[in-house]
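K.L.:
For reference, the structure I am asking about is given below.
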Amino acid sequence: MDSVTSKWALVTGASSGFGVEFATLLAQRGANLVLVARRKEPMERLAERLRRDYRIDVLVMSLDLSSAGAASELKARIDANHIQIDVLVNNAGYGLYGEFLDQSAERLRDMLQVNIVAVTELTRLFGSEMANRGSGHILFIASLLAYQATPGYAAYAASKAYILLLGEALNTELNPRGVSATVLSPGPTSTSFAEVAGQKNTAVVRMLMMEPLRVARIGVESMLRHRSSVVAGPLNKMIVFWNRLTPRVLQRQIMQRVLSG
C-alpha cells in the first residue's frame, strides 16, 4: 500500500460526513491536508483537532464549489501557498430527492455544478500536475445509485453514473503515468445526505445503512492499493451484481418502491 506521509491531500466537502472521515484517515497516515467546503467553522475545528492529534499541517479554505470558476479559484489559492497536491479526494457532492419536474432549476444546476463540473475541473487541474510528476492519487465518490436509473433521484443518480464512468476510464488512462484513479461507490450511510436531499429513510434503506468511517476506510485503502473501483459493503456489492441479471425496467420499479417505502 502506498505511503502518503508528509504529502499534501486535498479533501473537498470537508466540513461534515465523509469529508471528516477522509481527512482523519489521511491525517492518521501522516498526510498534510487542504480542507475545502462552504462552511469554514466546522473545518477549523477539525483542523485544530488533526493538527493536535497527528502533528500535521492543515490549511482551511472556504469555497462554494457550485460557483462557476470555483475549481480554478481553488487551484490559484493552493498555488499561492506553494502547495503540491499529491492526493485529491473529490468528496464534495449532494443529492436532490423528489420528482424531477418539481425540483427547482437553480438547485439542479448547483447540484450538477458540484457533482460533475467541479469534480471534472479539479481532476483536470490537479491530475495534470500529478501525471507530469509521475505520481499521485485521485479518489472519486460515486454511489450505489450510479449503477441504475433511479426514479426520485433521476439527476443525482445520473451525475454519479458520470463519476463512475469518468473515474474508471481515468484509471486506465492515468495508470501508465503513475497516477491512480479510484471510484468509491457507497450505499446508504449514516450522514446528513438524506436530510439534505429531502428523503425519508425507509426500512430497506435503514437495513443497508453503513457507518461513514467504515466506508471512508474502504475508499482510502482501495485508493492506496490503486484499485479502479470499489462498492462499499457486501450487501451493496450483491445489489450491483444482481443488477447485471435484472431487466432495467425492473430495476427502476424496485428502486422506486425501495425509496418511497
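K.L.:
Which numbered condition trips up Lys160, out of (1) surrounded by fewer than 19 Cβ atoms within 10 Å (Cβ to Cβ); (2) in contact with a helix residue (DSSP H, G or I) (Cβ under 7 Å, 6 or more places away or on another chain); (3) basic (Lys, Arg)?
P.N.:
Going through the list (1) surrounded by fewer than 19 Cβ atoms within 10 Å (Cβ to Cβ); (2) in contact with a helix residue (DSSP H, G or I) (Cβ under 7 Å, 6 or more places away or on another chain); (3) basic (Lys, Arg), Lys160 breaks only (1).
Yes or no, residue by residue, for (1) polar (S, T, N, Q); (2) touching a residue at least 12 places away in the same chain (Cβ under 8 Å); (3) touching a strand residue (DSSP E or B) at 6+ places or on another chain (Cβ under 6 Å):
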{"position": "Phe100", "(1), (2), (3)": "no, yes, no"}
{"position": "Gln103", "(1), (2), (3)": "yes, yes, no"}
{"position": "Arg107", "(1), (2), (3)": "no, no, no"}
{"position": "Leu112", "(1), (2), (3)": "no, yes, no"}
{"position": "Met130", "(1), (2), (3)": "no, yes, yes"}
{"position": "Leu139", "(1), (2), (3)": "no, yes, yes"}
{"position": "Gly178", "(1), (2), (3)": "no, yes, no"}
{"position": "Phe193", "(1), (2), (3)": "no, yes, no"}
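K.L.:
I'd like the full set of residues that are open to solvent by 70 Å² or more (accessible area, probe 1.4 Å) and at pLDDT 85 or above, limited to the stretch 234-255.
P.N.:
Within the stretch 234-255, Pro234, Leu235, Lys237, Met238, Phe241, Trp242, Arg244, Pro247, Arg248, Val249, Arg252, Gln253 qualify.
K.L.:
Among what's in the stretch 193-249 and is in a helix (DSSP H, G or I), β-branched (Val, Ile, Thr) and more than 18 Å from the chain's Cα centre (by Cα), pick the residue that is farthest from Tyr162 (Cα to Cα).
P.N.:
To start, the set of residues in the stretch 193-249 that are in a helix (DSSP H, G or I) comprises 193-197, 203-208, 212-224, 234-244, 248-249.
Checking the rest, the ones that are also β-branched (Val, Ile, Thr) come to 196, 204-205, 215, 218, 220, 239-240, 249.
In the following step, the residues that additionally are more than 18 Å from the chain's Cα centre (by Cα) were identified as 204-205, 239-240, 249.
Numbers: Val204: 26, Val205: 23, Ile239: 19, Val240: 16, Val249: 20 Å.
Top of the filtered list is Val204.
K.L.:
Further, regarding this structure: All but one of (1) out of contact with any Leu (no Cβ under 7 Å at 6 or more places or on another chain); (2) within 12 Å of Thr12 (Cα to Cα) hold for Phe100; state the number of the condition that does not hold.
P.N.:
If we test Phe100 against (1) out of contact with any Leu (no Cβ under 7 Å at 6 or more places or on another chain); (2) within 12 Å of Thr12 (Cα to Cα), just (2) comes out false.
K.L.:
Go through (1) closer than 26 Å to Gln113 by Cβ; (2) part of a loop (DSSP other than H, G, I, E, B) for Arg77 and report which single condition fails.
P.N.:
(2)
K.L.:
What's the total number of residues in the stretch 80-129 that are open to solvent by less than 50 Å² (accessible area, probe 1.4 Å), part of a helix (DSSP H, G or I) and either among the aromatic types (Phe, Trp, Tyr) or farther than 24 Å from Leu165 by Cβ (or both)? Before the answer, list the steps.
P.N.:
Quick first cut of the stretch 80-129, residues open to solvent by less than 50 Å² (accessible area, probe 1.4 Å) only: 83, 85-93, 95-96, 98, 103, 108, 110-111, 113-116, 118-120, 122-123, 126-128.
Subset that is part of a helix (DSSP H, G or I): 108, 110-111, 113-116, 118-120, 122-123, 126-128.
With the extra rule that they be either among the aromatic types (Phe, Trp, Tyr) or farther than 24 Å from Leu165 by Cβ (or both), the set shrinks to 126.
Qualifying residue count, the stretch 80-129: 1.
K.L.:
Identify, please: which residue in the stretch 130-141 is under 19 Å from Thr5 (Cα atoms) and not in a strand (DSSP E or B) and is, among those, nearest to the chain's Cα centre (by Cα)?
P.N.:
Narrowing the stretch 130-141 to residues under 19 Å from Thr5 (Cα atoms): 130, 133-139.
When the remaining residues are screened for being not in a strand (DSSP E or B), the result is 130, 133-135.
Details: Met130: 19, Arg133: 24, Gly134: 23, Ser135: 20 Å.
This residue is Met130.
K.L.:
Restrict the check to the stretch 135-153 and report whether at least one residue is touching a Leu at 6+ places or on another chain (Cβ under 7 Å), among the aliphatic types (A, V, I, L, M), more than 25 Å from Ala27 (Cβ to Cβ) and surrounded by fewer than 18 Cβ atoms within 10 Å (Cβ to Cβ).
P.N.:
Scanning the stretch 135-153 turns up no residue that is touching a Leu at 6+ places or on another chain (Cβ under 7 Å), among the aliphatic types (A, V, I, L, M), more than 25 Å from Ala27 (Cβ to Cβ) and surrounded by fewer than 18 Cβ atoms within 10 Å (Cβ to Cβ).
K.L.:
Within the stretch 164-197, how many residues turn out to be open to solvent by 60 Å² or more (accessible area, probe 1.4 Å) and hydroxyl-bearing (Ser, Thr, Tyr)?
P.N.:
Selection size over the stretch 164-197: 1.
K.L.:
Let me ask another. Which pairs turn up if I take residues in the stretch 250-261 that are at negative phi and look for partners that are assigned to a helix (DSSP H, G or I) with beta carbon separation below 6 Å, at least 6 apart in sequence or on another chain?
P.N.:
Gln251/Asn243; Val258/Val204
The values are calculated or read from the model by the stated rules, or taken from the named source; none is laboratory data. Worth saying up front: this structure is predicted, and the values here are computed from it rather than measured. Cβ sites come from the backbone with ideal geometry, for glycine too, and all protein chains shown count toward neighbours. For the accessible areas, the whole protein counts, side chains as well, though only heavy atoms, and no ligand, DNA or RNA atoms are used. Shrake-Rupley method; radii C 1.70, N 1.55, O 1.52, S 1.80 Å.
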